[in-house]
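Undergrad: Take this structure, written in structure tokens, and hold onto it; I'll ask about it next.
Values in this text are rule-based calculations from the coordinates and carry no lab data. Predicted model only: the values in this text are computed from it and were never measured. Note that we place each Cβ from the backbone using ideal geometry, even for glycine, and neighbour counts take in every protein chain shown.
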Amino acid sequence: MKYLKVIAFTHKQIELKELGKLVICEENLTEKLHQVKAEFGITELFYVATCNRVEFVMITPQVVDKAFATKFIQKLEIGLCSHHSGLFVDAASIYEDREALNHLLRMSCSLESLVVGEKEILAQLRKAYDTCREAGLTGDGLRMFMNCVVKTAKEVYTHTNISKNPISVVSLAYRKLNDLRLCSNARILIIGAGETNQNISKYLQKHKFSNFAVFNRTLSKAQKLAADLGGDAYTLDALKTYDKGFDVIITCTSATEPIITPQVYAGLLKGCTNKKTIVDLAIPNDTAPEVLEQFPVNFIEVCSLNEVAKRNLQERYQELTHAEAIIDENIAEFCIQLKQRKVELAMREVPEKIKEIRNAALNTVFADEVLNMDAQARETLEKVIAYMEKKYISVPMVMAKDILINNN
């Protein structure tokens with residue numbers, strides 16, 4: 001476990017608006033991760049980015065400290081100047097060994113989330129891991145850690161009330177939107193067709209909203225979400241010429257520059273002077289600050305949900321100790337599993353060695369004696385040797401695991 005390392009940039013030390021500068025564009029994500037993996041001698045690596053954290057989880061014998069993190073971030077070439085890169089690294093949390101696993105388990109159980117008790121983080125973690133696994137960035141080590149992460153999170157959500165009546169950033173945003181008492185035929189523009197907007201769309205459907213237009217960089221994704229909502233689909237470029245009006249904009253993309261500029265917003269208004277609503281759940285915001293300065297807007301963003309999140313933390317505080325106890329139990333259990341796995345890996349050559357001994361005995365050492373046996377005797381000998389071969393493979397493994405368990 002000593003090679004498990006985590007570099008974490010989270011909402012606890014970094015403003016949400018700033019965190020977005022660390023997000024890696026999906027188009028060249030795999031390429032960049034492979035580059036740093038090779039450059040820094042990292043055995044396994046995966047990257048997770050959500051609305052309130054960017055983290056790099058790795059298995060490496062390298063010393064991972066602030067100096068390592070600085071070089072690592074610079075090598076990713078995500079457009080940060082050395083000054084900003086230094087500020088981010090200073091605010092980073094670096095974990096290793098048991099502390100790293102504890103952090104991952106706390107994160108998967110939402111104990112480290114902006115809103116404690118939200119379940120989205122587990123799905124986001126699994127998706128991030130699967131993406132990196134499919135890209136060949138991970139191996140047996142992170143597979144075991146992720147199995148522990150998923151198992152622990154499921155136990156916490158099942159055996160505590162930490163997610164009872166769950167309140168996620170999406171549900172908090174919808175509650176604020178709902179407080180505006182919009183009519184069900186309000187014209188809603190959805191910018192971005194990712195998981196966050198898919199989730200908030202479910203709330204909108206549930207409450208009978210029906211007038212949607214979906215905009216996305218990839219048209220096929222916009223079409224899929226629009227089909228689910230019974231709305232129309234457009235590319236992002238179509239925002240500049242869209243002329244059907246709107247009452248609400250819901251936006252969440254991975255863009256690093258504002259999508260809703262004063263020019264785009266003025267074009268969407270088409271001269272309308274009524275106060276509109278923007279729900280911006282992107283990090284960094286998709287809405288340029290000038291829009292809020294120049295136009296009357298009900299603006300709902302992730303940062304504005306912070307106070308509600310704090311109240312949520314207080315309400316669920318009693319459940320934290322129960323969740324932490326489950327985490328401690330799983331870490332202790334995992335330590336034994338990890339030792340057992342080391343035994344399995346160390347002994348994986350045993351079957352081949354035994355087969356070599358078997359073949360040598362039959363074909364070299366006792367070749368003449370075997371050759372002089374009748375068919376029935378030779379068949380019996382083969383069965384005896386095959387039986388002993390299986391036992392010689394399994395018995396040492398079982399004994400080694402028993403020793404580990406008893407010693408613990």
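Undergrad: Using θ = phi - 60° and the Karplus relation 6.51 cos²θ - 1.76 cosθ + 1.60, list the HN-Hα couplings for the stretch 148-164 in order, rounded to whole Hz, with x at every Gly or Pro.
TA: 5, 4, 5, 4, 5, 4, 4, 5, 5, 5, 7, 9, 10, 9, 5, 10, 5
Undergrad: Shifting gears a bit: Any chance you could check the Cα centroid distance between the stretch 1-68 and the stretch 265-340 for me, in angstrom?
TA: So the two Cα centres are separated by 21 Å.
Undergrad: Still on this model: Given R₀ = 22 Å, FRET efficiency for GLU15-GLN74 by Cβ-Cβ distance, to 0.05? Please report the intermediate quantities before stating the final value.
TA: Details: r = 21 Å, r/R0 = 0.97.
After rounding, the FRET efficiency stands at 0.55.
Undergrad: Taking 8 Å as the Cα distance limit and 6 or more residues as the minimum spacing, I'd like the relative contact order of the stretch 226-329 as a percentage. All intermediate terms of the calculation are to be shown ahead of the outcome.
TA: Details: 108 pairs, mean separation 25.2, N = 104.
After rounding, I find 24 percent.
Undergrad: If you don't mind, another one. Could you give me the ³J(HN,Hα) list for the stretch 328-337, computed from phi with Karplus coefficients 6.51, -1.76, 1.60 and θ = phi - 60°, whole Hz, x at Gly and Pro?
TA: 4, 4, 5, 5, 4, 5, 5, 4, 5, 4
Undergrad: What is the helix-to-structure angle for 169-178, meaning the angle in degrees between its Cα long axis and the longest Cα principal axis of the chain, kept from 0 to 90 and rounded to the nearest 10?
TA: Computed tilt is about 20 degrees.
Undergrad: Still on this structure, please answer the following. Using the count of nearby Cβ atoms within 10 Å as a rough guide to exposure, how do THR287, THR60 rank from fewest to most?
TA: Ranked by crowding around the Cβ, least crowded first: THR60, THR287.
Undergrad: Same structure again: Measure nothing fancy, just the Cα-based angle from helix 82-91's long axis to the longest principal axis of the chain, in degrees from 0 to 90, nearest 10.
TA: Once rounded, the angle reads 70 degrees.
Undergrad: In debye, nearest 20, what is the charge dipole magnitude of the chain about its Cα centre with +1 on Lys and Arg Cβ and -1 on Asp and Glu Cβ, if you could check?
TA: 940
Undergrad: May I ask you to compute the full-extension gain from SER93 to LYS206, defined as 0.36 nm times their residue separation minus their alpha-carbon distance, rounded to one decimal in nm?
TA: 36.7 nm
Undergrad: Residues of the stretch 140-181 with the amide nitrogen closer than 13 Å to a label point 7 Å from the Cα of ARG341, along Cα-to-Cβ, please.
TA: Label zone hits: 140-151.
Undergrad: Extension gain ALA266-GLU195, at 0.36 nm per residue separation less the Cα-Cα distance, in nm? Show your work: numbers first, answer last.
TA: Details: separation 71, 0.36 × 71 = 25.56 nm, distance 2.78 nm.
Net length gain for the segment: 22.8 nm.
Undergrad: Between TYR317 and THR256, with labels modelled 7 Å along Cα→Cβ, what's the label distance in nm to one decimal, could you check?
TA: 4.1
Undergrad: What percent does the relative contact order of the stretch 4-165 come to when contacts are Cα pairs within less than 8 Å and at least six residues apart?
TA: Numbers: 214 pairs, mean separation 46.9, N = 162.
Relative contact order for the stretch 4-165 comes out at 29 percent.
Undergrad: Can I ask one more? Could you check the simple spin-label distance between LYS383 and ARG187, using points 7 Å along Cα→Cβ, in nm with one decimal?
TA: Going from the LYS383 label point to the ARG187 one covers 8.4 nm.
Undergrad: Between LYS355 and LYS2, take the C-beta separation as r, use R0 = 60 Å, and let me know the FRET efficiency to the nearest 0.05.
TA: The computed FRET efficiency comes out at 0.95.
Undergrad: Quick query: amide H of ASN211 versus all other amide H atoms, modeled in the peptide plane; which residues come in under 5 Å with a sequence gap of 5 or more or a different chain?
TA: ILE188
Undergrad: Just to confirm the number: angle between the C-alpha axis of helix 219-229 and the first principal axis of the chain, 0 to 90 degrees, nearest 10?
TA: The angle comes out at about 80 degrees.
Undergrad: Using θ = phi - 60° and the Karplus relation 6.51 cos²θ - 1.76 cosθ + 1.60, list the HN-Hα couplings for the stretch 363-368 in order, rounded to whole Hz, with x at every Gly or Pro.
TA: Per-residue couplings from phi come out as 9, 10, 4, 10, 4, 5 Hz.
Undergrad: Follow-up question, since we're still on this one. Which one of ALA367, ALA38, ALA233 has the biggest mean-square fluctuation once the chain is modelled by GNM with Cα springs under 10 Å?
TA: ALA367
Undergrad: How high is the relative contact order of the chain, given as a whole-number percent (alpha carbon pairs under 8 Å, six or more residues apart)?
TA: Once normalised by length, the contact order is 15 percent.
Undergrad: Over the chain, what is the percentage of antiparallel beta bridges among all DSSP beta bridges, to the nearest 5?
TA: On the way: 18 of 41 bridges.
That works out to approximately 45 percent antiparallel.
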